[in-house]
Amino acid sequence: MRGAPESATAAIARRVLILSCVDGLGPTGVDTHIRAAVRILEEAGREVEIVHPHGVRTPELLLIKVAQRIAGKLATKETRTRLARLAYARALRVKLRRRLRAASGRPVTIYAQDSISSATAGQQRQGAATRVVTVVHFNRSEAEELAVKGLTQVGGPLYRSAQAWERRSMVAADRILFVSDFMRHEVLGRYGPDVAARSSMLGLWPEDEIAPSSREEAQRDLIAIGTLEPRKNQRFLLEVLSACVEHGYRYTLTLIGDGPDRAALEAEAETLGIADLIDFRGRVNGAQDEIGRHRALIHAALLENMPLTLIETLAHGRPVFCFALGGMPEIVRDGVEGMFLSPDDAAASADKVIALLENRELLTGMERAARTRFEAHFSKAVAAAVLLSELDGPRSTGMTISDIKLV
């Protein structure tokens, strides 16, 4: 005899909508996380769809696009960015509304990847049948990230708008997932016990299975992966390499990624006399495959939430040089899987690079420790259990933020 059907608040949602301002096809950490999450969910038998703002056509969006074209010639970069974010929000609202109507009251989980997506999900949710789970990818805040990129100033219109979206996203979510304790501490400091009660930790994991690389595969010394921009701080890497040369060690460095700083970095390499040691590879598909062809990864970003590149390096069984900033100390332990560099002292950092690369026994020990830490803390199996548990939790209590105007 069949039992009574599960209630909307108890049933596991077989359908998961991954809501995001990016489409999951790009090279960013968010894109990579989306693809990795899709794989886990599909393997668990879930019906998954990535819902992004691209390709939507409505009269409202056409008006916004006209405004964007006009702004492209007359307005500031800040105004253009704010219009683009507004267009994303409206397009997500249209797409999500259609998907939820098609669900006809059946349980749906929305897995939001950014503040705009999370706030939009909260506005469009359909009562107890919808569960909204958001993951925090940003560093400190989306507003601060926009300021660091030069798109706004602290306290500017776009900055305040991003702060408002973040607040609404925190209200909207049934569960809030943090990929680093660093960011959990940052966000809880702003929003307090209400967010703490709805939060959990979710470790990141590589998109593809990564086998440990052998020592024989290492053809070059150091590799760095990331957009060539001020926040990633590749200029510091050139200074470290130059300091190594002064001590008689000519280590090679592969820079994977492109961006606004490339020309300046190439010129700086020439000035320092190390241009022959650096390979500017540009953007590379499947960049993590290159890690095993190097002896170690060196990462000079001044602030990171939970950089996936460091986790991929552990998977390859390669040590990491990085700063003890942001969420990076949660991945790498100083003297165990890598070494912490000094952000303000390239010479002292060079000493650490030399100490590791010239000590075969130490390097071998860190290679083994790196792979061991990956398997224990960052493997797909470890992350899958947490992700499925959070997405399959109780449906929403029906809280909405429809009374808040999203601009």
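Only the coordinates and a few stated rules stand behind these numbers; no lab work does. Only a predicted model underlies this, so the values are computations on that prediction, with no experimental measurement involved. With ideal geometry, Cβ positions are generated from the backbone for all residues, glycine too; neighbour counts draw on all protein chains shown.
Ellipticity at 222 nm from helices only: DSSP H runs of n ≥ 4 in the chain, each -39500 (n - 2.57), divided by the residue count, give -14000 deg cm²/dmol. Under 1.5 on a/c is rounded, so check that first for region 259-360, then, if it is not, pick prolate when a/b is larger than b/c and oblate when it is not; a ≥ b ≥ c are the square roots of the alpha carbon gyration tensor eigenvalues. Rounded is the answer for region 259-360, as its axis ratio a/c remains below 1.5. Whole-Hz Karplus values for region 92-105 come out as 4, 4, 4, 5, 5, 4, 5, 5, 6, 5, 5, 6, 6, x Hz, taken residue by residue from phi with 6.51 cos²θ - 1.76 cosθ + 1.60 and θ = phi - 60°; glycine and proline positions read x.
Each residue, S214 and R190, gets one label point 7 Å from its Cα in the Cβ direction; the gap between the two is 4.9 nm.
Between L86, L228, L62, the residue with the greatest mean-square fluctuation in the GNM of the chain (Cα pairs under 10 Å linked by springs) is L62.
A simple rule links phi to the HN-Hα coupling: the Karplus curve 6.51 cos²θ - 1.76 cosθ + 1.60 with θ = phi - 60°, which for region 314-328 gives 4, 4, 6, x, 10, x, 10, 9, 7, 8, 8, 10, x, x, 5 Hz, with x for Gly and Pro.
Mind checking which of D194, D258, D208 has the largest fluctuation in a GNM of the chain, springs on alpha carbons under 10 Å? Maximum among the listed residues: D194. Relative contact order, whole percent, for the chain stands at 17, derived from Cα pairs under 8 Å and 6 or more residues apart. If you take the square roots of the eigenvalues of the alpha-carbon gyration tensor of region 68-165 and sort them as a ≥ b ≥ c, do you get rounded (a/c under 1.5), prolate (a/b over b/c) or oblate? It comes out oblate by the Cα gyration axes.
Work out the FRET efficiency for A275 and R106 from their Cβ-Cβ distance, taking R0 = 56 Å, and round it to the nearest 0.05.
Efficiency, from the Cβ-Cβ distance: 0.40.
The GluC sites (Glu not before Pro) of region 121-214 that meet both conditions, a loop assignment by DSSP and at most 10 other Cβ atoms within 10 Å of the site Cβ, are E209.
Among the listed pairs K77/K149; K149/K352; K232/K352, those whose Cα-Cα separation exceeds 22 Å are K149/K352. The relative contact order of region 215-378 comes to 24 percent, based on Cα pairs under 8 Å that sit 6 or more residues apart. Sequence-ordered 3J(HN,Hα) estimates for region 354-367 from the Karplus curve with 6.51, -1.76 and 1.60 and θ = phi - 60° stand at 5, 4, 7, 5, 9, 10, 4, 5, 5, 5, 4, x, 6, 4 Hz, glycine and proline given as x.
Look at where the Cα atoms of region 101-164 and of region 180-218 average out, and the two centres are 18 Å apart. Annotation: amide H-H contacts under 5 Å for R15 (H modelled 1.01 Å from N, sequence separation of 5 or more, or interchain): E47, T109. Among R215, R80, R69, the residue with the largest mean-square fluctuation in a Gaussian network model of the chain, with springs joining Cα atoms closer than 10 Å, is R69. Look at T134, T364 and count the other Cβ atoms within 10 Å of each Cβ; fewest to most, that gives T364, T134.
Each residue, T372 and E47, gets one label point 7 Å from its Cα in the Cβ direction; the gap between the two is 4.6 nm.
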